[in-house]
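The values are calculated or read from the model by the stated rules, or taken from the named source; none is laboratory data. Here the structure is a predicted model, which means the values were calculated and not measured. Neighbour counts are summed over all protein chains in view; Cβ atoms, including those assigned to glycine, are modelled from backbone coordinates with ideal geometry.
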Amino acid sequence: MPTIRPATHNDIPAITEIYNEAGVGTTASYALEPVTVADRRAWFDRLAAENHPVLVLEDDGVVIGYASYGSFRSLGGYAYTVEHSVYISTGHRAAGLGRMLMNALIDVARGNRVHVMVGVIDAANSESIAFHERLGFEVSGKLPEVGRKFDRWLDVVFVTLVLA
């Protein structure tokens, strides 16, 4: 039975592997180069210092997904808005695990008095957009050709969920 728990430093190698496969290897993220464990450790430590969560989804002792959120923008007026990420490893997608993980992250956000969660999704990723809509997110805007990856210009869709 899969379980969700707060991530620890011991989870960073698995998180790094999932991110490089699911984020860097696709347009789920516009990162162009794989990250290192040291990069992810700095990311994890920054989120922890800002009191932002990183949750992992574990099955039989193996981390198969993670979700997190961080500040949406640095200006004070955005203090109650966060931008989230969710990644599930290959072979475990489309099994309801992402929904479990996101529901847990949404619960944490509510407990932390977050007002709005924002997702930034490649506009061609209709599966991710539909996934977020099933969780109650609304498409709030599209920015044309703001990203470039795999030798093509990419559009971004913003999805938002008002929690309060």
Report task. Looking only at segment 88-96, decide whether some residue is within 13 Å of the chain's Cα centre (by Cα) and modelled with pLDDT under 95. Result -> yes
Report summary line: Within segment 34-64, of all residues that are under 19 Å from residue 90 (Cα atoms) and in contact (Cβ under 8 Å) with a residue 40 or more places away in the chain, the one surrounded by the most Cβ atoms within 10 Å (Cβ to Cβ) is 57
Query - residue 102 vs. criteria in contact with a His (Cβ under 9 Å, 6 or more places away or on another chain), hydrophobic (A, V, I, L, M, F, W, C) and either under 20 Å from residue 77 (Cα atoms) or part of a strand (DSSP E or B) (or both) - result: no
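Is it the case that some residue within segment 18-26 is part of a helix (DSSP H, G or I) and of a type in the set (Gly, Ala, Ser)? Let's see the steps before the verdict.
Step one: list which residues in segment 18-26 are part of a helix (DSSP H, G or I), which gives 18-24.
After this cut, where a residue has to be of a type in the set (Gly, Ala, Ser) as well, the list is 22-23.
Checked against the condition, which is being part of a helix (DSSP H, G or I) and of a type in the set (Gly, Ala, Ser), segment 18-26 yields at least one hit.
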Query raised in the report: Mind checking whether some residue in segment 74-83 is more than 25 Å from residue 135 (Cα to Cα) and either assigned to a loop (DSSP other than H, G, I, E, B) or of a type in the set (A, V, I, L, M, F, W, C) (or both)?
Result: yes
Query - Residues located in segment 124-148, provided they are free of Cβ contacts under 8 Å to residues at least 12 places away in the same chain and of a type in the set (A, V, I, L, M) - result: 130, 146
**Report entry** Sole residue being among the small types (Gly, Ala, Ser), out of contact with any Leu (no Cβ under 7 Å at 6 or more places or on another chain), buried (at least 17 other Cβ atoms within 10 Å of the Cβ) and part of a strand (DSSP E or B), chosen from 119, 141
**Finding:** 119
